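Each remark here refers to the structure printed beneath this line.
Every read-out reported here was derived from the displayed coordinates using simple, explicitly stated rules and does not represent laboratory data. Predicted model, so just to flag it, every value in this text is computed and none were measured. All Cβ positions, glycine included, derive from the backbone under ideal geometry; neighbour counts span all protein chains shown.
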Amino acid sequence: MSSTAPPTMPSTATTTNGTRNQVGRIVARPPIGSLPTAPLSEDDEAHSRLGALSLDLGHAKIAEREYQAVLDLKPADPAAAHLGLALAYKMENRPDQARDEVISALEAAPNFKPAQKLLLELSGKE
């Protein structure tokens, strides 16, 4: 039994990963990787804010998840998300992963001062 129609749910159901079609039914979205990259989408912004708030509150694991979600959305400018992920790793006492993320941030934006400062800090040269 094979069908080419996308899976649907009754219009009264709620979902976070579907959109409504013309008749009000929820239809599945295409995979994230197939979507075009936008400079800064609402999803990027929401995950970035949650990541920053999580860092401020000392919740490194949540910040890690949120900044990774930003990177999974393939933003046009990933430097800030790499820096946020680096800060989460630093908070978790994972200096090697933090250094890798800082380097990724600097590859995306070589003059990004906060990333330069964190790299010096992680290298013990500050």
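Structure above, values below:
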| quantity | calculated |
| --- | --- |
| Unit charges on C-beta of K, R, D, E only; dipole of region 42-122, Debye | 300 debye |
| Net +/- balance of residues flanking A69 in space, Cβ distance below 12 Å, scoring K and R +1, D and E -1 | -3 |
| Per-residue Cβ neighbour rank within 10 angstrom, fewest leading, S123, S54 | S123, S54 |
| Ranked Y67, Y89, criterion: other C-beta atoms within 10 Å, fewest first | Y89, Y67 |
| Order of H82, H59 - criterion: other Cβ atoms within 10 Å of each residue's Cβ, fewest first | H59, H82 |
| Global geometry of region 42-122, whether rounded, prolate or oblate, following the gyration tensor of its Cα atoms and the 1.5 cut on a/c | oblate |
| For region 85-126: rounded, prolate or oblate by the Cα gyration tensor [a/c cutoff 1.5] | oblate |
